[in-house]
Each structure stands twice: as C-alpha cells, then as structure tokens.
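First up is the structure itself, then whatever we jot down about it.
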Amino acid sequence: MNISLKEELSAFGAKPVSVDIYCSPEHFELECRHVFKKTWLYAGREFDIPEPGDYFVKNLDFLHASVLVVRGNDGKLRAFHNVCSHRQSTLAWDQKGHARRFVCKYHGWGYDLEGNLRSVPDEQYFYGLDKKRCGLTPLAVDAVSGLVFINLDPAPEQTLRQSLGEIVGRLAEFPLEEWSRNYTFSAEIPTNWKCIVDNFQETYHVSCAHAVSVGDRSVGPENPMGHPLKFEFFGLHRGMDIWANPEHKPTLVESYAVRNGGIVGQTTSENRSDNAAMFVFGLFPNIVLNVTPYFLQLHELIPISAGRTHWSTTAFFPAAKNAGQRMSQEFSSVLLRDITAEDLGILGSLQKNMLSGARKEIQFQAVEVLCRHMVNGLEKYIRDGQEREQRVADG
C-alpha cells in the first residue's frame, strides 16, 4: 500500500473510534431496534430446501424472533414468524425437515405451506373466527446465489437485490448455489459481534496472529504485511481482494492438494486479480464471505448480548469428482479450521479488556478501512432510524 492510497482511504475517517460502540448495552439496543430489525439477514441456503415442503427454522433469540422458511407447493420461498395464530405457541419445533402442512402441537391448528389456516379443532365454538385473517404472519424473503435472506421489517425500504447492489453480480460469478456443505464450526464467544466481524475483514493481523497457520501464503518480501490488492465499497457492504504470495513454497501434501482441486491461498490464473488468494465480502450487518473458485466460507455473527456472540463458519465446496479433489477439500477445511482457531483464541479477550476501562478508544489504521466503513454505516443506519422515529412521534 502506498501513502497516496492511505490518504485516499482517510476519507472514511482517521480519528479513533469509541469503545462504547462495542461495549454499551444501550448501543446494542439501538442496533437491535434500528439495524437488525430493519435489514436483510442471512437465514440459510436454498440447497437445504430444494423440494416443496422442505423447511428450516432461523432462531434470532436476541430479537425475540423465530422464523420459518419453507418451499411452497409452487416452488416459491416463503418466510413466516414461527408462531401459531391461536395462542402464539411455537409452530415448527425441529430446526429443519419436510412437511405437507404445519400443525401446532398445543391445540392442533393446521396451516398449509403458503401459511393459510386450514383446520381448527372444535371450530364451531369460536366467536366469528375468520380463518382468512388468521394465517401465519409473513416476512420478506429472497435469495441471491442460493443464499437465503429474511427481513423482519413488515415493509422493507429496499429489496434484497437493491440492498446488495453490485455484490449480486460479483457472487453470480461463482456457482455457489450448487456447492454442497463440507463442514461447520460454531462457538459462543464472550465478545461483541462487531469485534468478530472486524477480525474477518482486515489483514493487518495476519502476519502476527497467523504466523503458524498462514505462514508465507499471504505475506512475503514483496508484501511483508499482507496488504490487500484492493478495497471495494458497495453502499453499506464492502470487500477486498486478499493477496497471495507467488513465492510461497508448498509442502508435499499441500502440493498434492493444489494439483487435485485448488486450496485456500492458492494463486492461479483462474483468480480475478493478479496474485489474489480470495475475495472477501462484508455483508451488512453481520456476514463475512470468503469466496474463491474452489470454495465459499461464510462467517455468521449472531449477537446474544452486547458482550456475547454466537459465531459460526461454514465452508461450501463443489461436489468432489474423485478422491484427489476430496482430499484437496479436506486440506482446505483443516487449514480454515486452524486459521479460525487462532483468531478465536485472541477474540475472546477483547470484550473484558474494553470493559476494563484501560482505553477509551480504538485506533484503526488504513488497512483496517473495512472495519471503519462498517462502523460508519452502522452509526448512520442508527441515526436515520432515530430520525424516522422522531418524525413519526412528531406527527
């Protein structure tokens, strides 16, 4: 990175950021009300619900919400609050499955795949029950490249594609909807969700925190700090191309893995930028995607509270055509696991240190611009939400 680029990136801000944004319970409540209840949130994959009647449940406990996503008889995706219209019991208790209809376990009200109320036991004893008005409560749902998103806002200001903008086309370069899942890791981390998002959208820590797992794959004499090849900004979303060291000397096993299908950090002519190891996209608010021609890694950060986060990472690979490709994918899975384990070992200490009061500010440098971009977008989203609320209150 040259000094002129540093000055260019300073347009996103150059001053320290208050730790209160990461620690304050009051700020967390603002995020829940104005951000998470108003934006498109990742829910799952179309790959997991290919047939009519297939469904999964997305629990968002921090928003007091459970969402049922189902493939209808017409093949369309639908999403509903996972709540029976009678006494508001949970409707679907399994995390995923297949159903011809949904029947509440409490009093037996039955709904079709389109959310219509179809059957009510002892219906004649209700007072003027209008079943047409008692269907499941719908939510906005859509999918891009096989990734399913939902919106808890009854009237979203933007469609999913409007929200993602140029990223829709970027993701379309890869057949993500065809890639089957290879592995998932998850953990509860005693750290604010933004701290973890920040970690996966900057490379400043790679040469130090990942000296063992990454080694010289993403750093070298030509780029000793592993600066990204470029940064991109897509409204509230953001991205960067991770540099791969062309002088990296692979081990024997790594060489075999590269020959049979491509691995994490490989440099090939198939990549879109010279010496690009992977493309990172930060999807507002809480998703980070690592994309290559060989795999997709999806980090999801679901808040539990201001200081705790449920983190999960899932890697999706194309179906292996032979044992060599399967071995290559397993090599990447283990490498991703080791890299992430190094991250989590450090991330677990951040929250208590911020709460200690030792420092009141965070110092972001130019290479951490995507972190600053997210904070800027988050704060603006909250301010806009507060202004909307005030206008409504003022009449």
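The values are calculated or read from the model by the stated rules, or taken from the named source; none is laboratory data. Not measured: the values here are computed from a predicted model. For neighbour counting, all protein chains shown are included, and Cβ atoms are generated from backbone atoms with ideal geometry for every residue, glycine included. With ligands, DNA and RNA removed, areas are computed over all heavy atoms of the protein, side chains included. Shrake-Rupley method; radii C 1.70, N 1.55, O 1.52, S 1.80 Å.
Quick notes on this one:
- Hull volume per residue, based on the alpha-carbon atoms of the range 40-152 and their convex hull, is 98 Å³.
- Per residue accessible area of the chain, 1.4 Å probe, in Å²: 48 Å²
- Residue-count net charge about S18 - beta-carbon cut-off 11 Å; Lys, Arg +1, Asp, Glu -1: 0
- GNM top mover of W193, W243, W93 - the chain, alpha-carbon springs below 10 Å: W93
- Rel. contact order, % - alpha carbon contacts under 8 angstrom, at least six apart, the range 286-395: 12 percent
- Entries in K194/K360; K15/K352; K38/K96; K105/K131 that, when Cα-Cα distance is taken, lie over 20 Å: K15/K352; K38/K96
- Any cysteine of the chain lacking a neighbouring Cys Cβ under 4.7 Å - listed by number: C23, C32, C134, C195, C208, C371
- Cβ-derived FRET efficiency at R0 41 Å, T159 paired with Y106, nearest 0.05: 0.70
- Relative contact order (%) - the range 40-152, alpha-carbon pairs under 8 angstrom, separation at least six: 28 percent
- For the chain, the carbon plus sulfur part of the accessible surface works out to 51%, probe radius 1.4 Å.
- Residues whose placed amide H lies under 5 Å from that of Y106, excluding near-sequence neighbours: none
- Shape of the chain, Cα gyration tensor, a/c cut at 1.5: oblate
- Most to least packed among 118-129, 374-385 [average Cβ atoms within 10 Å]: 374-385, 118-129
- Cβ-defined net charge surrounding T191, 13 Å radius [Lys, Arg +1; Asp, Glu -1]: 0
- Magnitude of the charge dipole, the range 40-152, Cβ model with Lys/Arg +1 and Asp/Glu -1, debye to 20: 160 debye
- Contact order normalised by residue count of the chain, Cα under 8 Å, 6+ apart, percent: 20 percent
- Charging the Cβ of each Asp and Glu at -1 and of each Lys and Arg at +1, and nothing else, the dipole of the chain about its Cα centre rounds to 740 debye.
- Between the amide H of S89 and those of C84, distances stay under 5 Å, these residues lying 5 or more places away or on another chain, with hydrogens modeled in the peptide plane.
- A simple count of charges around P224, restricted to other residues whose Cβ falls under 15 Å of its Cβ and scoring Lys, Arg +1 and Asp, Glu -1, yields -2.
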